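Have a look at the structure below, then the notes.
What follows is calculated from the coordinates using simple rules that are stated; it is not laboratory data. From a predicted model like this one, the values you see are computed outputs, not experimental measurements. Note that each Cβ is placed from the backbone with ideal geometry, even for glycine, and that neighbours are counted across all protein chains shown.
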Amino acid sequence: MPNPTEKIWDHERQRRNRKLSRAAAALGASLRDKVVPADMAVPLLESVIEPGDRVCLEGNNQKQADFLAQALTRVDPARVNKLHMLQSVLALPEHLDLYELGIAEQVDFSFSGPQAARLARMVGKNQIRIGAIHTYLELFSRYFVDLTPHVALVAAQSADAQGNLYTGPNTEDTPAIVEATAFKNGIVIAQVNELVDKVPRVDIPGDWVDFVIPSPQPHYIEPLFTRDPAQISEIQVLMAMMAIKGIYAEYGVQRLNHGIGFDTAAIELLLPTYAASLGLKGRICSHWALNPHPTMIPAIEAGFVKSIHSFGSELGMENYIAARPDVFFTGPDGTMRSNRAFSQAAGHYACDLFIGSTLQIDLAGNSSTATLDRISGFGGAPNMGADAAGRRHASPAWLRAGEQRRTQQPGIPRGRKLVVQMVETFREHMQPAFVAELDAWKLAEFANMPIPPVMIYGDDVTHILTEEGIANLLLCANAEEREQAIRGVAGYTEMGLGRDLRMVENLRDRGVIRRAEDLGIDKRDATRDLLAARSIKDLVRASGGLYQPPVRFRNW
Amino acid sequence: MTIENLKYRFDNGTPIQGATAIVGVLGSGNLEVMVEPAALGGACEIEVSTAARGFGTIWQAVMKDFFTRHRAGDIRISVNDAGATPAIVSLRLDQAIETFKGQRKT
């Protein structure tokens, strides 16, 4: 029997202390309390990051730790190498430069938006190894199980000398990352836009943070969720009318999440006009897990919305949010507090409906945004667009969807989340949204993935909505009916033209497929006049001047 | 960029009365549709000029469905397309025929 006192139980703490000693030596007198001058960022990183370390570099949907990302590309690859990067989002060129420079070799991530094409090229040349592509919640969860960061590089609005961080409205992923790192003997470094004597509120307690670096430039924020109403088409208005009348009103959907895009922006802008004219105010869309979409302003002002919890903030919406604390989650300082992990959990467990767009849908209803030349990842959609099997509380919408499912698949009474895929049958350049086989299969083969990267699985989808109508997959008896229901709303795509006309008419008679006219919607009413705002300027006006859109969205 | 010209003719429609109508705009992803009266013995002739080549089968299906919906005869339709999706094409055709008949809802 070994003597228990001989076994060492604090290797990680000892390693952390060695790193901190090296940092103290490298920084010398330049370190004051926890504050490191910007020009010492590289020596600091070289002191606290060891070869093979798991490094979480904060890059979120909106907020980017861009100064620290640049600093990391400047470390000596002879000292710092073989890093295993953990990132919500691969957004900046520097995020991929690390692999070409020989600093990092593996990445586990969720979303790669702007770098998707370059990532695919680098995978093709074996320049980067992808551990797995996750959903946000999944990646955060692994930070607490088998992918705990050794070093976290995060971004905040301001800090004091003791390391207390104020993240402002864009708290986003910071709490999840810092908690996982700080409590497992990792090192937390924050870049901040400014040093202050006292932070407006403490978003991250100072004793979870080891170093703060005042960044020469404020961190980058992407206005990812702003959609100009001027670009919403009449077809999108028509689809939004069908969503409101054929799904939201039908099920009485009160708690929901909207995916990003013009399709859902059109729904938001139809709430105070079309939905109100149907008498739906107070009966639908009161509680949301949603980023502060500027296109929500008219609905909020009309009193449609009771509550919105956000994953992150949206550039230009800060003053509007601060002036509407009954709707948004705000701190004692008045500004919003967002939290991606909690909002994702809310979307998963507390919302009755998710609606979003996609690029491709197959005949089983599986959908994917993957194409062979782009590895774009998932973000949060798979969590939003899934029926949470762990949910137990009931709501009218959830129960009704469950009842519909049991008409085809008898079983013990339980509810069902509504998961709606909303697509035009053709995208720009006549790319069909409906395909026999998802590009995800080819991408999986090319990038050596164990399974095709499916965004939302067919068995999670309840409705597919196109300009041709709504297919209710809950009411399909078997795979063949399901296929014909999908073909029946697939328009003039090859999949749509290949429909069995008799079966589709039968499905329509049964209400499995519902066209605009079946819902009492006259297509000629689908004009842009129905939109509560037809331009960014209209949104500013609706907000009473509180919404301050980024320059690129101003054309006046 | 070469333009593709497609021609369709549907017989046995019901002659409709109206005045020449133009709807839509020739902007990217959109199209312009003109409907004119024409003595065609009850037929409907459609000429499409499109910048997107190789979609003849889809145009054929869209036009056939359009004719089935309205069965409008003695008209000539000219379509000037800048890459509109079939959904937009159908919507504009429906708008054009209603405008031609002078009863388009506003």
Discussion item. Using a 7 Å offset from the Cα along the Cα-to-Cβ direction at both A:R79 and A:Q408, what is the distance between the two label points in nm, to one decimal?
Written reply: 6.1
Practice prompt. Using a Förster distance of 56 angstrom, determine the FRET efficiency expected from the C-beta separation of A:D10 and A:A230, and round it to 0.05.
Written response: 0.40
Item to complete: Show which lysines lie in cross-link reach of A:K34 when reach means a straight Cα distance below 27 angstrom and same-chain residues fewer than eight apart are skipped.
Response: A:K19, A:K63, A:K184, A:K198
Worksheet item: In degrees, nearest 10, range 0 to 90: what is the angle between the Cα axis of helix B:86-101 and the longest Cα principal axis of chain B?
Response: 30
Worksheet item: Out of the range B:41-70, which trypsin sites (Lys or Arg not before Pro) are coil in DSSP terms and have no more than 15 other C-beta atoms within 10 Å?
Response: B:R53
Worksheet item: Mind listing the phi-derived Karplus ³J(HN,Hα) values for the range A:350-359, rounded to whole Hz, using 6.51, -1.76 and 1.60 with θ = phi - 60°, and x for any glycine or proline?
Response: 10, 9, 8, 8, 10, 9, x, 8, 8, 9
Response to the item:
the protein assembly as shown: Kirkwood hydrodynamic radius (Cα pairs, Å) comes out at 27.1
Worksheet, complete the sentence: Distance in nm between A:A479 and A:A38 label points, each 7 Å along Cα→Cβ, equals 5.9
Response to the item:
Amide H neighbours of A:G377 at under 5 Å, excluding residues fewer than 5 places away on the same chain, with H built from the backbone geometry, are A:S112
Worksheet item: Which whole-number percent of Cα pairs in the range A:483-556 have a distance greater than 15 Å?
Response: 69
Worksheet entry | Whole-angstrom Cα spans of the range A:269-329 along principal axes, big to small | 32, 18, 17
Discussion item. Can you list residues from other chains, or at least 5 along the same chain, whose modelled amide H is less than 5 Å from the amide H of A:D173?
Written reply: A:R340
Worksheet item: With θ set to phi - 60° and the Karplus curve 6.51 cos²θ - 1.76 cosθ + 1.60, what are the ³J(HN,Hα) couplings of the range A:461-468 in order, to the nearest whole Hz, using x for Gly and Pro?
Response: 6, 9, 9, 10, 10, 10, 5, 8
Worksheet item: Summing -39500 (n - 2.57) over the DSSP H runs of n ≥ 4 in chain A and dividing by its residue number, what mean residue ellipticity at 222 nm do you reach, to the nearest 500 deg cm²/dmol?
Response: -8000 deg cm²/dmol
Practice prompt. Report, by chain and number, residues whose modeled amide H sits under 5 Å from the one on A:I187, excluding near sequence neighbours (fewer than 5 apart, same chain).
Written response: A:V151, A:A152
Item to complete: Per residue of the range A:298-308, in order, report the coupling 6.51 cos²θ - 1.76 cosθ + 1.60 (Karplus, θ = phi - 60°) as ³J(HN,Hα) in whole Hz, putting x for Gly and Pro.
Response: x, 5, 5, 4, 7, x, 6, 10, 8, 7, 9
Practice prompt. Could I have the simple spin-label model distance between A:Q548 and B:E47, label points 7 Å from Cα toward Cβ, reported in nm to one decimal?
Written response: 5.7
Item to complete: Would you please name the trypsin sites (Lys or Arg not before Pro) within the range A:62-126 that are DSSP coil residues with at most 16 other C-beta atoms within 10 Å of their C-beta?
Response: A:R74, A:R79, A:K82, A:K125
Worksheet item: How large is the charge dipole for the range B:8-94, taken about the Cα centre, if only the Cβ atoms of Lys, Arg (+1) and Asp, Glu (-1) carry charge, to the nearest 20 debye?
Response: 160
